[in-house]
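Before any comments, here is the structure.
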Amino acid sequence: MIQMLHLALLLAAPVASPDVVVVRADHLFLGHGEPIEGGALIVTDGKVTAAGASVATPEGAIEITHEGWITPGLFGAFTMDAIGSERRDDTRPLMPEARIAHSLRPHAAALTRNLRAGVTTITINPDTGRPCTGASALVKTSGPAVLDPELQLCLDMSFGAVKTDEHPTSLASLHELLDGALTAGEGSFGEAAAGKLPVMIRVRDRQSVRRASVLAKDHGLKGALFGSYWTEDLVEEVSASGLGVLCDPVGVSADDRAMRSINALVAGGVKIGFSLVTPANSPESMRVGAAMCVRAGLDPNIALKAMTGSAAEISGAGDHAGVLAVGRDADFVLWSGSPLELSSSLDEVWVDGQRVHGGEDK
Amino acid sequence: MIAAVTLLTLSLPAAVAPAAGADKLVVFAERAFTAPGEVVEDALITIEGGKIASVKGGGRASGADLKAACVTAGLVDMSFRYSTNPNTVEQSSEVTAHARISSSLDLHARGWERALRQGITTVAAFPVDRNVIGGMGAVLKTGGEATLDARLVRGDAFLRGAMGSLPSSGNRPSGSRPANFYARRPTTRMGVEWEWRKAFYDAWQETQREEDDRPGRKELMSALSGETPVFIQAWATQDIRTAVFLAEEMAAEGMGTMRLVIDAAAEAWREPALLVRSKAAVCLPPLPAAGRTTDGAFMSMDTAAKLHEEGVPLALSAHSGYGSGETLAEQATYARRGGLPFDAALAAVTTVPATLMGVSDRVGTIAKGRDADLVLWNGTPFEFTTRPVGVVLEGATLVGGDTDR
């Protein structure tokens with residue numbers, strides 16, 4: 001039944017495919033910079049061909065005027081709800097060439113759910129809990145389409161990657177394994193050490209934040225730490241690592257430290273993105289967390305970027321998702337107001353220049 | 001008479017990360033126990049750059065930054081267990097002599113601050129005793145910036161392992177296809193001893209044959225030769241015997257003379273002559289409430305005094321205790337009540353462990369050039385009415401004797 005619904009959505013929702021569409025809105029956020037008042041997007045054959053404040057409507061184009069906001073489709077970092085139960089291969093501590101993309105269930109209801117929450121691009125990740133769990137994948141929730149089957153090398157430097165009955169059982173061995181593999185520089189580890197393959201390193205406590213930051217600095221890694229809760233006292237180390245931080249989800253019950261740490265990272269010049277972490281959290285929860293951080297002092301523009309452009313960038317997906325720019329896929333969301341206002345509703349979701357959710361046809 | 005320390009700065013730092021060097025600090029004490037057997041009356045201790053610059057008697061309290069009834073060197077705990085988390089030990093092999101605790105430390109753990117607040121400024125860190133030979137232990141300060149660079153006093157200070165029932169717990173014989181690496185030796189005490197002996201023999205034979213360096217060979221050879229001391233946890237009599245006999249067998253075979261330190265040696269009092277004969281030192285575990293400790297070993301309040309009388313080098317430990325009645329100072333107090341002389345009690349928590357760990361050139365005594373690690377007391381140390389009221393770590397002041405944090 002769920003699959004049926006999904007198919008129905010894909011078949012029925014898009015409007016008749018026009019060559020050129022102009023979408024005007026009171027507020028246009030492009031995924032970077034500041035929101036543009038009275039901005040417009042021109043979409044041609046699924047791509048953005050113009051975006052900005054003064055955009056003239058080409059002849060013959062369909063013009064849509066939206067009272068509210070346009071943002072890029074939200075970026076859902078770290079999801080596991082479209083990969084079934086086989087989230088991680090536990091047979092070896094290091095599985096650098098494993099690809100979670102092969103676990104993607106293309107008809108998973110979760111993809112539709114993400115899409116309807118405005119999340120147009122996600123990373124699907126092997127679960128954390130072993131030193132190296134493989135490669136994450138970049139996936140468009142509409143379709144779905146795998147844009148990159150080797151997006152990030154997923155590492156875990158926290159106590160969670162240490163087991164009691166499998167090697168490694170000690171933090172020392174965990175560190176040696178990863179440091180050794182990066183030094184040896186073979187396969188995916190070599191790509192990571194050469195800065196070609198971004199990493200995502202799970203951290204859970206201060207010692208792992210420190211260790212991961214030092215490891216990244218020593219080996220010149222690109223990418224992000226995954227975990228912001230314990231970064232408050234270690235912003236200097238994180239900043240020196242050159243990595244961004246994919247923040248732990250901030251729920252309504254989050255304590256002060258959760259938001260203090262995120263604000264401290266931003267104050268220290270660290271690029272942040274919110275992580276989605278499904279199925280533990282709903283796709284809608286990212287907006288809630290962003291709003292809570294803004295309430296605790298986070299710059300609203302940084303919060304918006306952390307759901308779009310910055311999150312994609314530090315996840316290694318900056319060329320594919322998160323921003324609206326000329327030549328990029330026209331994946332965007334129409335909101336009744338700022339997505340940081342929880343009273344704002346999501347009106348329409350567009351992917352590749354097609355309306356895939358919402359609108360008058362819904 | 002100054003009954004208690006004069007608290008110049010009453011605010012307690014939330015986290016104990018002493019600011020890098022108050023450049024100069026002067027501490028006054030009515031009595032400074034600078035080393036076992038040495039007392040300086042009306043002492044003025046001047047600290048510069050984190051080190052002790054001078055100790056002078058007959059001084060006046062006025063003008064000193066900190067004042068206390070008594071001062072000792074910062075306490076040293078050679079069996080401190082900041083964490084009981086098994087993620088400090090690599091259990092995929094039962095002998096991991098090459099593993100280094102310094103790579104497994106969580107310097108943000110709360111245990112460090114708990115130690116510092118009770119006056120322990122220098123500790124041994126080592127893997128949890130779940131392996132036969134766990135690896136190389138290190139000596140660290142308990143405070144300061146939470147980095148190894150800032151806190152390490154001596155890396156590879158000793159080889160750490162255990163006898164008794166702990167290294168074999170959880171293992172089982174391999175019969176059918178093993179589900180994990182616990183299907184292995186040792187499953188018994190004799191298996192544990194066998195692993196020790198095999199490790200040393202293998203290392204020694206490989207060295208004779210000039211074979212490839214297997215991990216741990218160098219560390220084991222260093223221990224065999226006596227260059228690096230060997231700390232072996234052994235609570236009960238039979239396990240203490242086993243440790244001593246192991247060292248004696250290695251010596252008899254001409255493989256080397258180990259420097260043996262038996263940790264948690266609760267029942268060392270039963271056969272002290274054995275320890276004297278083997279020149280082994282002993283570190284006692286905290287006094288148990290009901291007499292029995294791990295492995296059923298029994299110790300009482302006079303255990304320390306008995307060992308001291310026999311001439312066994314003696315250190316005391318609180319392990320990870322920090323609550324009321326569990327601190328290192330209180331272990332020394334119990335030992336005093338059991339008959340241990342004051343100077344021997346002071347030595348057991350300062351100079352003896354510092355010497356056994358090879359760091360006595362930096363810590364354990366108050367003397368010019370030593371690290372400025374001090375405990376300020378509200379009266380004579382190791383009395384039930386006395387407690388630490390201030391701690392100085394490398395010249396930085398931590399005021400407040402709260403241990404219940």
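The table that follows gives values for the structure above.
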quantity: A:Ser282 paired with A:Glu341, simple spin-label distance in nm, labels 7 Å along Cα-to-beta-carbon; calculated: 2.1
quantity: The stretch B:76-356 - share of DSSP beta bridges that are antiparallel (%, nearest 5); calculated: 35
quantity: Net charge of Cβ neighbours under 12 Å - reference A:Val277; Lys, Arg +1; Asp, Glu -1; calculated: -2
quantity: In degrees, nearest ten, helix B:237-252 long axis to first principal axis of chain B (Cα); calculated: 70
quantity: Label-point separation, B:Asp213 to B:Lys56 (7 Å along Cα→Cβ), nm; calculated: 5.1
quantity: Of all DSSP beta bridges in chain A, antiparallel share, percent nearest 5; calculated: 55
quantity: Segment B:Lys24-B:Ala109, length gained on full extension (0.36 nm per residue, minus Cα span); calculated: 27.6 nm
quantity: Ascending count of other beta-carbon atoms within 10 Å, so fewest first, for B:Leu66, B:Leu316; calculated: B:Leu66, B:Leu316
quantity: DSSP beta bridges in the protein assembly as shown [antiparallel fraction, %, rounded to 5]; calculated: 60
quantity: Neighbour net charge for A:Ala61 - beta-carbon separation under 13 angstrom, K R +1, D E -1; calculated: -3
quantity: Inter-part distance where the stretch A:306-348 and the stretch B:207-258 are each reduced to a Cα centre, Å; calculated: 64
quantity: Extension reserve of the A:Ala325-A:Asp233 stretch, reckoned as 0.36 nm per residue once the Cα distance is removed; calculated: 29.5 nm
quantity: Estimated distance in nm for a label pair at B:Arg277 and A:Glu86, the labels positioned 7 Å out from Cα along Cα-to-Cβ; calculated: 6.3
quantity: Pairs beyond 26 Å (Cα-Cα), from A:Lys140/A:Lys271; A:Lys217/A:Lys271; B:Lys56/B:Lys306; calculated: B:Lys56/B:Lys306
quantity: 12 Å beta-carbon shell around B:Thr46, net charge (K/R +1, D/E -1); calculated: +1
quantity: Structure-based [θ]222 nm, chain B - -39500 (n - 2.57) summed over DSSP H runs of at least 4, per residue, nearest 500; calculated: -6500 deg cm²/dmol
quantity: CD proxy at 222 nm, helix term only [per DSSP H run n ≥ 4: -39500 (n - 2.57); per residue of chain A; nearest 500]; calculated: -8000 deg cm²/dmol
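We did not get these values from a lab; they are worked out from the coordinates using the rules stated. For clarity, every value in this text was computed on a predicted model and none was experimentally measured. As a convention, Cβ positions derive from the backbone with ideal geometry for all residues, glycine included, and neighbour counts pool all protein chains shown.
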